[in-house]
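Student: I'd like to ask you about the structure that follows.
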Amino acid sequence: MILGSTGSIGVQALEIIARNPDRFTVVGLCATGANAQALAQAALEFNVEVMGVTLGTCAQDVQMHLLAGAQDRGFSLGEHRLPELVIGPDAPERLARMDADIVLNAIAGAAGLKATLATLSAGNKLALANKESLIIGGDLVKNLSFPGQIIPVDSEHSAIAQCLLAGKRSEVRKLIITASGGPFRGKSASDLEQVSIVDALAHPTWKMGPLVTINSATLVNKGLEVIEAHLLFDVAFNNIEVTVHPQSVVHSMVEFVDGSTIAQASPPDMRIPIAWGLSAGRELFRVADAAPACDWKSASTWEFMPLDEVVFPAVGLARVAGEAGGTAPAVFNAANESAVGAFLAGEISFTSIVTHIERVLQTHLAGSSHEGPGSSFVSGNALTLEDVLAADSWARELRPDN
């Protein structure tokens, strides 16, 4: 089951599945329906049983492309099984509860939380590309999951999961998460004042959607990954480090108590962690030729350097939110998504993104004068889904400014 099937992760997952038909069968696809033709074509190509469309306004276009595509393939109506259509904003959760060996949640942002909870409550394994749902859900998500039920698809966390196979959990000293440094590595704080939208969207290594690309430029993405690593692997925040590695070949590392450091390396290509996540439906296995390997016959240089947390304070702010737990990570994430939207709309400057996150997070933790549902911090011990959604909504209502 693939949720977010027309996005970058979903498309690459379908590419892997198409090359390995003996290994994988797609039972369902879900997307907004904004890219109606792509969704319909994939549903026909993989002969899925069910297809979800979250935007009701797109459902008719999807149906038209589905029927046209079936006719183009030579199927007469009535002689070919078309997928069942599930329409509405709850489509991802409804599909997530269906019988599947694994559900790939590749929905963007906080919108993926309900689908994550539905997957786990149904007992399906979850290939998690939607880090935000774990981060903002926190204990809600962890308490629903059984050991091994969540398989990370982020390249960094997939790398850590693979490195952890080299030793016992009790032998782990620290996790080292690598960061490319984004397009502004080496820049000063004053340099960032002049950043344009075009500049911020020009990631030097990865091709991603606008939200994740901006998050990589601010290093918010790396802060979210620190919280995710803590939740996934039960490692204390002070034992999770970030190092800048511009080549993006070493995706993360695990240091063990004997002084050994195990690294997972491959060219920057999301198909490897996606394939690893998809393979976990029954028993983890390596998908042959998921992506090209490193070329060890060619000379290359790998660099590692400390993160400048003065110029890029987002990681430190994420640690504050993560250590507070409860509703704080939801507020951190929502404030960021709101600020990124304002930046992409030309309403605020690049540096105002992190400034806004800090202001909203501090207001929430201090429980200051802003009243209304979601404004008050709720600890993890008392956390409910309603608390998370209210905190998310409250943080989005506080409009960012320069």
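Student: Is it the case that region 254-271 has a residue that's assigned to a helix (DSSP H, G or I) and within 19 Å of the chain's Cα centre (by Cα)?
Tutor: The answer is yes, given that some residue of region 254-271 is assigned to a helix (DSSP H, G or I) and within 19 Å of the chain's Cα centre (by Cα).
Student: Here is a follow-up. Within region 78-125, count every residue that is among the acidic types (D, E) and free of Cβ contacts under 8 Å to residues at least 12 places away in the same chain.
Tutor: 1
Student: Is it the case that region 210-226 has a residue that's under 25 Å from G186 (Cβ atoms) and surrounded by fewer than 16 Cβ atoms within 10 Å (Cβ to Cβ)?
Tutor: Yes, that holds for at least one residue.
Student: Considering only region 345-388, state which residues are in a helix (DSSP H, G or I), of a type outside the set (A, V, I, L, M) and either modelled with pLDDT under 90 or under 30 Å from S196 (Cα atoms) (or both). So that I can check it myself, show each step before the final result.
Tutor: Just the residues of region 345-388 that are in a helix (DSSP H, G or I), to begin with: 352-366, 380-382, 385-388.
Checking which are of a type outside the set (A, V, I, L, M) leaves us with 352, 355-356, 358-359, 362-364, 380-381, 386-387.
Within region 345-388, S352, T355, H356, E358, R359, Q362, T363, H364, G380, N381 meet the criteria.
Student: Counting only residues that are touching a strand residue (DSSP E or B) at 6+ places or on another chain (Cβ under 7 Å) and closer than 21 Å to S8 by Cα, how many does region 246-265 have?
Tutor: Summing the residues that are touching a strand residue (DSSP E or B) at 6+ places or on another chain (Cβ under 7 Å) and closer than 21 Å to S8 by Cα in region 246-265 gives 2.
Student: Could you give me the residue pairs with C-beta distances under 6 Å whose first residue belongs to region 297-321 and is within 21 Å of G380 (Cβ to Cβ) and at pLDDT below 95, whose second residue is of a type in the set (S, T, N, Q) and assigned to a loop (DSSP other than H, G, I, E, B) wherever it lies, and which are 6+ apart or on separate chains?
Tutor: Sorted first by the residue in region 297-321, then by its partner, the list stays empty.
Student: Further, regarding this structure: Which of the residues spanning region 291-329 are assigned to a helix (DSSP H, G or I) and over 29 Å from S188 (Cα atoms)?
Tutor: So the first thing to find is which residues in region 291-329 are assigned to a helix (DSSP H, G or I), and the list is 314-324, 328-329.
Of everything in region 291-329, just one residue is assigned to a helix (DSSP H, G or I) and over 29 Å from S188 (Cα atoms), namely A324.
Student: Can you tell me which of A342, A335 is more than 22 Å from V226 (Cβ to Cβ), part of a helix (DSSP H, G or I), of a type in the set (A, V, I, L, M, F, W, C) and in contact (Cβ under 8 Å) with a residue 40 or more places away in the chain? It would help to see each step written out before you state the result.
Tutor: Values: A335 fails: more than 22 Å from V226 (Cβ to Cβ).
The conditions single out A342.
Student: Next question. Checking the structure you have, find out if any residue of region 30-44 is surrounded by fewer than 18 Cβ atoms within 10 Å (Cβ to Cβ) and within 17 Å of L278 (Cα to Cα).
Tutor: So far as region 30-44 goes, no, none of its residues is surrounded by fewer than 18 Cβ atoms within 10 Å (Cβ to Cβ) and within 17 Å of L278 (Cα to Cα).
The values are calculated or read from the model by the stated rules, or taken from the named source; none is laboratory data. Fair warning: this is a prediction, and the values are worked out from it, not measured in the lab. Neighbour counts run over all protein chains shown; Cβ positions are idealised from the backbone, glycine included.
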